[in-house]
Amino acid sequence: VQLQASGGGLVQPGGSLRLSCAASASIFSFNAMAWYRQAPGKRRELVATITSGGKTNYADSVKGRFTSSKDNAKNTVYLQMNSLKPEDTAVYYCKADTTTHTYWGQGTLVTVSS
């Protein structure tokens, strides 16, 4: 299984970006998918999760600003990021879990700066 993350870029504070994570397999096969991020010099942290049933959870730091969704027909999960802050700058990774395996995408860089 391969995960291809895309959609990162440079955005001004207060702006928006939408990240995509396209899977090479049906996302129905995953128990859950998640977005993580890793800022320079910091540990990778969980940003958002979405279960196979569509239930979502978010880190406190992004609640109310980020929204995760999925398109089963396209085998793609999205992370809509609004009201971006400089502290959101990081490489964002998607992850998929089955009962026996964990898969990671390659990461996409988000830079929030004026």
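The values are calculated or read from the model by the stated rules, or taken from the named source; none is laboratory data. A quick note: this is a predicted structure, and the numbers were derived from the prediction, not measured. No Cβ is skipped: glycine too gets one built from the backbone with ideal geometry, and neighbour counts run over all protein chains shown. Just the protein is used for accessible areas: all its heavy atoms, side chains included, with ligands, DNA and RNA removed. Shrake-Rupley method; radii C 1.70, N 1.55, O 1.52, S 1.80 Å.
If I filter segment 75-114 down to residues being surrounded by 17 or more Cβ atoms within 10 Å (Cβ to Cβ) and of a type in the set (S, T, N, Q), which single residue comes out as farthest from LYS63 (Cα to Cα)?
It comes out as ASN75.
Please identify the pairs in which a residue from segment 14-31 that is in contact (Cβ under 8 Å) with a residue 60 or more places away in the chain and of a type in the set (D, E, K, R) has its Cβ atom under 9 Å from the Cβ atom of a residue that is in a strand (DSSP E or B) and open to solvent by 50 Å² or more (accessible area, probe 1.4 Å), counting only partners at least 6 apart or on another chain.
Pairs that qualify, where the first residue is in contact (Cβ under 8 Å) with a residue 60 or more places away in the chain and of a type in the set (D, E, K, R) and the partner is in a strand (DSSP E or B) and open to solvent by 50 Å² or more (accessible area, probe 1.4 Å), are ARG18/GLN80.
Can you list residue pairs whose Cβ atoms sit under 9 Å apart, with the first residue in segment 59-73 being closer than 17 Å to LEU19 by Cα and at pLDDT 95 or above and the second being part of a loop (DSSP other than H, G, I, E, B) and of a type outside the set (Gly, Ala, Ser)? Count only pairs 6 or more apart in sequence or on different chains.
Listed by first residue and then by second, the contacts come to GLY64/ASN82; ARG65/ASN82; ARG65/LEU84; ARG65/LYS85; PHE66/ASN82; THR67/ASN82.
Quickly run through segment 48-58 and pick out the residues that are without any contact (Cβ under 8 Å) to a residue 12 or more places away in the chain and in a strand (DSSP E or B).
Passing the criteria: ASN57, TYR58.
If you check every pair at least six apart or on different chains, which have Cβ atoms under 8 Å apart with a residue in segment 36-47 that is surrounded by 13 or more Cβ atoms within 10 Å (Cβ to Cβ) first and a residue that is assigned to a loop (DSSP other than H, G, I, E, B) and among the polar types (S, T, N, Q) second?
Qualifying pairs under 8 Å: ALA39/THR89.
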